[in-house]
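Taking it in order: structure first as structure tokens, then the write-up.
The values are calculated or read from the model by the stated rules, or taken from the named source; none is laboratory data. A quick note: this is a predicted structure, and the numbers were derived from the prediction, not measured. Here the Cβ positions follow ideal geometry from the backbone for every residue, glycine too, while neighbour counts run over all protein chains shown.
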Amino acid sequence: MYNRPLSPHITIYAVQISSLSSIWHRISGILLTSLIVFCSVYIRIIVFSNYNKYLLAFKFINAVVFLFHKIICIIFLFGIFYHTLNGLKQIFWDLGFFFHQRFLPLLFLTISFIICIIILGLIF
């Protein structure tokens with residue numbers, strides 16, 4: 001028999017900007033959804049339960065949030081804006097705009113630049 005795999009593996013493919021942005025769009029959507037679920041559960045515990053029962057958990061979560069407040073905000077803002085702008089890019093592609101090979105690197109850099117400007121403007 002031949003000394004090759006039956007099906008091609010992912011390592012033989014070249015990395016493309018469109019595939020990277022699609023993968024990161026899915027990852028940002030999953031992370032934002034999990035953050036919303038976590039915040040909803042946290043608020044539910046605060047509102048509908050005995051506060052003294054969960055006092056240790058509250059102290060731990062509040063300490064973590066206090067220590068990493070800026071980092072958590074930056075990651076959250078990056079996720080929100082990346083997911084939103086990449087979703088708009090997908091809508092433009094579905095409508096037939098900017099769907100050419102020469103636009104892909106420019107569009108990716110433009111989205112990244114806009115996200116950085118928005119986040120820096122909101123932080124400072």
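When restricted to residues that are surrounded by 14 or more Cβ atoms within 10 Å (Cβ to Cβ) and of a type in the set (Gly, Ala, Ser), the stretch 56-107 contains 1. Looking across the stretch 58-81, the residues that are of a type in the set (A, V, I, L, M) and either in contact with a helix residue (DSSP H, G or I) (Cβ under 8 Å, 6 or more places away or on another chain) or under 21 Å from residue 29 (Cα atoms) (or both) come down to 61, 65, 71, 72, 74, 75, 77, 80. Look at (1) closer than 21 Å to residue 16 by Cα; (2) under 18 Å from the mean Cα position of the chain (by Cα); (3) of a type outside the set (Asp, Glu) and you find that residue 119 fails only one, number (1). Please state which one of 7, 19 is surrounded by 10 or more Cβ atoms within 10 Å (Cβ to Cβ) and either at pLDDT 75 or above or not β-branched (Val, Ile, Thr) (or both). Just one listed residue meets the conditions, 19. Looking at 22, 40, 18, 112 in this structure, which one is closer than 20 Å to residue 123 by Cα, out of contact with any Phe, Trp or Tyr (no Cβ under 6 Å at 6 or more places or on another chain), in a helix (DSSP H, G or I) and small (Gly, Ala, Ser)? That would be 112, the only listed residue that is closer than 20 Å to residue 123 by Cα, out of contact with any Phe, Trp or Tyr (no Cβ under 6 Å at 6 or more places or on another chain), in a helix (DSSP H, G or I) and small (Gly, Ala, Ser).
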